Amino acid sequence: MTHPDRGQPGLAGQPGQPGLEAQPGLAHYDPADYPPVAVTADLVVLTVRDDELAVLLIRRGAPPFAGALALPGGFVRPHESLGQAAARELAEETGPGFGAVHLEQLASYGDPGRDPRMRVVTVAYLALAPSLPVPRAGSDAAEAAWVPAAGLLEGTGPRLAFDHDQILADGVERARAKLEYTPLATAFCPPEFTVGQLRRVYEIVWGVTLDPRNFHRKITGTPGFLEPAGGTTAGDRGRPAQLYRRGTAAALQPPMLRSSVA
């Protein structure tokens, strides 16, 4: 989503770098000779809430698409990087309780007609975290809330503003795919968790039912995925279940393919 009051493209250099006037050969450069383009950062924020995959949405408080649901986001300010803009927007729309999240760049979207005001290119980010509290809307959003992702992805829920339906679909598919070959599923878990809790994350994100024994064998047999945390807690059937934490592996070898653990 875009917000016209959150900064406009500037001409000065980055902090610690000279501006255009100090660059050789650019004394007569005039940005007005080129079509105006703005850059925004939009966020697909996913969590597991009430045993469902949920996405953070805001209700737009100003045109265009006033009153419509949208992904949180806004304009990149002149002196901040794309990652800094994404982190700032996340904090502005949700509050300080959202600091410990996995944040990665998803994709860029630049269809000329995606924003009715002007040419706007957005760089989307994917944010994942364990169960999170009720969000706090930013100053330009009427409200913010967690919404089940299933209905939005299946087309039975409301349409999102701009091209955010496509961005959301791409973000969920990125999360599903990365669960296959990275330990990213642990980003949805607390610091210490059981194999059963981790399995439920896979089931919710993938939208499938997994065989508990097959999953346990695959997950504990993957080098570096998990390491024992040294304690136990009550399992699904009231029996003690061993607690684990994320291991040191950055990639899963072999991968946890969706078809191999069902």
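Dimensions of the stretch 202-262 along principal axes (Cα, Å, largest first)?
29, 27, 18
Residue 181 versus residue 245, label points 7 Å from Cα toward the beta carbon: distance in nm?
2.8
Roughly how many debye, to the nearest 20, is the charge dipole of the stretch 25-101 about its Cα centre, given +1 on each Lys and Arg Cβ, -1 on each Asp and Glu Cβ, and no other charges? Walk me through the numbers on the way to the answer.
Numbers: 5 positive and 10 negative charges, 28 e Å.
It works out to roughly 140 debye.
Once the Cβ-Cβ distance between residue 37 and residue 173 is put in as r, and R0 is 25 Å, what FRET efficiency do you end up with, to the nearest 0.05? Walk me through the numbers on the way to the answer.
Details: r = 27 Å, r/R0 = 1.09.
So the FRET efficiency works out to roughly 0.35.
Report, for the stretch 20-180, the % of DSSP beta bridges that are antiparallel, rounded to 5.
Details: 23 of 33 bridges.
Antiparallel: roughly 70 percent of the beta bridges in the stretch 20-180.
What is the gain in length, in nm to one decimal, between residue 220 and residue 121 on full extension, counting 0.36 nm per residue of separation less the C-alpha to C-alpha distance? Present the calculation step by step, with values, prior to reporting the outcome.
Details: separation 99, 0.36 × 99 = 35.64 nm, distance 4.27 nm.
So the chain would gain 31.4 nm between residue 220 and residue 121.
Using r as the Cβ-Cβ distance of residue 253 and residue 159, and R0 as 51 Å, what FRET efficiency do you calculate, to the nearest 0.05? List each step's numbers first, then the result.
Numbers: r = 41 Å, r/R0 = 0.80.
For R0 = 51 Å, the calculated efficiency reads 0.80.
With a 10 Å Cβ neighbour count serving as the proxy for reagent exposure, in which order, fewest first, do 28, 164 appear? If you can, show how the numbers build up before the last one.
Working: 28 6, 164 28.
In order of increasing Cβ crowding within 10 Å: 28, 164.
Add +1 for every Lys or Arg and -1 for every Asp or Glu among the other residues with Cβ under 9 Å from the Cβ of residue 244, and state the total.
Working: positive: 245, 246; negative: 192, 227.
Overall, the nearby charge balance is 0.
What relative contact order, as a whole-number percentage, does the stretch 182-260 give when Cα pairs under 8 Å and 6 or more residues apart are counted? Write out the running numbers ahead of the final one.
On the way: 103 pairs, mean separation 28.6, N = 79.
Result for the stretch 182-260 is 36 percent.
State the three equivalent ellipsoid semi-axes of the stretch 111-262, derived from the C-alpha gyration tensor as the square roots of 5 times its eigenvalues, in descending order and whole Å.
Details: eigenvalues 233, 62, 44 Å².
Computed over the stretch 111-262, the values are 34, 18, 15 Å.
Projected area of the stretch 20-180, taken from the Cα convex hull and averaged over every viewing direction, in nm²?
Working: hull surface 45.7 nm².
Result: a mean projected hull area of 11.4 nm².
Only the coordinates and a few stated rules stand behind these numbers; no lab work does. Bear in mind the structure is a predicted one, so any value in this text is a computation, not a measurement. Don't worry about glycine lacking a Cβ; one is built from the backbone with ideal geometry, like all the others, and counts go over all protein chains shown.
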